[in-house]
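The values are calculated or read from the model by the stated rules, or taken from the named source; none is laboratory data. Being a predicted model, the structure only gives us computed values, none of them experimental. Cβ: placed from backbone, ideal geometry, glycine included. Neighbour counts: every protein chain shown.
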Amino acid sequence: MKMNKLHFVTPVAVIRRDDGRILILKRRQGESVYPGHYTFPGGKVEGNETIMQALKREVAEECGLNILPGAILIKDKAILRPDGQTSKALSFLCSVESSDSIKLNREDFSEYMWANLDELRKVQHVGIEAEFQQAERLYKSGIDVKKFVIDTDQVELT
């Protein structure tokens, strides 16, 4: 059996507020993949984008937030979509300029919420508990997110 080696690369943003709650978006009921489930903002890499360029673009498009430099890869997973296509999802712990100005893309999402782990467990989601747990561990460790994953296309070399 020949397997299709092509797949989507899908970075998503785990955005945590100072109160410990993490942003999740509810996919519209009409979506082909995980309709009505909560997930993180993010989406497919397009064209010749870097992973970080795609992450910044998708987060801005989906919820209107601007990601600050620096991110930590906290989980990667392979997903088999209902259409048979595979996706390599990369979950990045990120910071944003301001978490107060959500502008939800209503074409793809019906609502959003800032949730802690207990609240997440009460809603239908795409299987993102591990990211919540890892984000909390990292924040409790005092790690500085800004020191990780620098987009080298944006750095001037001397």
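Of all residues in region 10-26, those that are among the small types (Gly, Ala, Ser) and either surrounded by fewer than 17 Cβ atoms within 10 Å (Cβ to Cβ) or within 13 Å of Val126 (Cβ to Cβ) (or both) total 1. Scanning region 56-88 for residues that are polar (S, T, N, Q) and assigned to a loop (DSSP other than H, G, I, E, B) gives Asn66, Gln85.
Of the residues making up region 64-77, those that are under 14 Å from Arg16 (Cα atoms), without any contact (Cβ under 8 Å) to a residue 60 or more places away in the chain and not polar (S, T, N, Q) are Leu65, Ile67.
Consider region 102-113 and keep the residues that are in a strand (DSSP E or B) and in contact with an Asp or Glu (Cβ under 8 Å, 6 or more places away or on another chain). The one that is nearest to Ile22 (Cα to Cα) is Met113. The residues of region 24-50 that are closer than 21 Å to Pro69 by Cβ, at pLDDT 95 or above and either assigned to a strand (DSSP E or B) or small (Gly, Ala, Ser) (or both) amount to a single one, Gly42.
Quick check on region 86-95. Is at least one of its residues aromatic (Phe, Trp, Tyr) and within 20 Å of Ile143 (Cα to Cα)? Give the steps one after another, and end with the answer.
Step one: of region 86-95, the residues aromatic (Phe, Trp, Tyr) are 92.
Then drop every residue that is not within 20 Å of Ile143 (Cα to Cα), which leaves 92.
So far as region 86-95 goes, yes, one or more of its residues are aromatic (Phe, Trp, Tyr) and within 20 Å of Ile143 (Cα to Cα).
Residues in region 32-50 that are β-branched (Val, Ile, Thr) and buried (at least 17 other Cβ atoms within 10 Å of the Cβ): Thr39, Val45. In the set (1) more than 23 Å from Trp114 (Cα to Cα); (2) assigned to a loop (DSSP other than H, G, I, E, B), Gln53 fails one condition alone, (2). Within region 41-57, does at least one residue satisfy the condition of being touching a strand residue (DSSP E or B) at 6+ places or on another chain (Cβ under 6 Å) and free of Cβ contacts under 8 Å to residues at least 24 places away in the same chain? Yes, that holds for at least one residue. Here the condition is being closer than 21 Å to Lys103 by Cα, surrounded by fewer than 17 Cβ atoms within 10 Å (Cβ to Cβ), in contact with a strand residue (DSSP E or B) (Cβ under 9 Å, 6 or more places away or on another chain) and of a type in the set (S, T, N, Q); of Gln85, Gln29, it holds for Gln29 alone. Taking first residues from region 104-125 that are among the charged types (D, E, K, R) and partners that are surrounded by fewer than 16 Cβ atoms within 10 Å (Cβ to Cβ) and part of a strand (DSSP E or B), the Cβ contacts under 8 Å between residues at least 6 apart in sequence or on separate chains come to Glu119/Met113. The residues of region 57-82 that are over 23 Å from Glu111 (Cβ atoms), surrounded by 16 or more Cβ atoms within 10 Å (Cβ to Cβ) and of a type outside the set (Gly, Ala, Ser), listed by number, are Pro69, Ile72, Ile74, Lys75. The C-beta contact set for region 132-158 (first residue at pLDDT below 60, second residue in a loop (DSSP other than H, G, I, E, B) and not basic (Lys, Arg), distance under 8 angstrom, 6+ apart or interchain) comprises Asp151/Thr50; Asp153/Thr50. Residue selection: His7 fails the criterion of being modelled with pLDDT of 95 or more, touching a strand residue (DSSP E or B) at 6+ places or on another chain (Cβ under 8 Å) and surrounded by fewer than 22 Cβ atoms within 10 Å (Cβ to Cβ).
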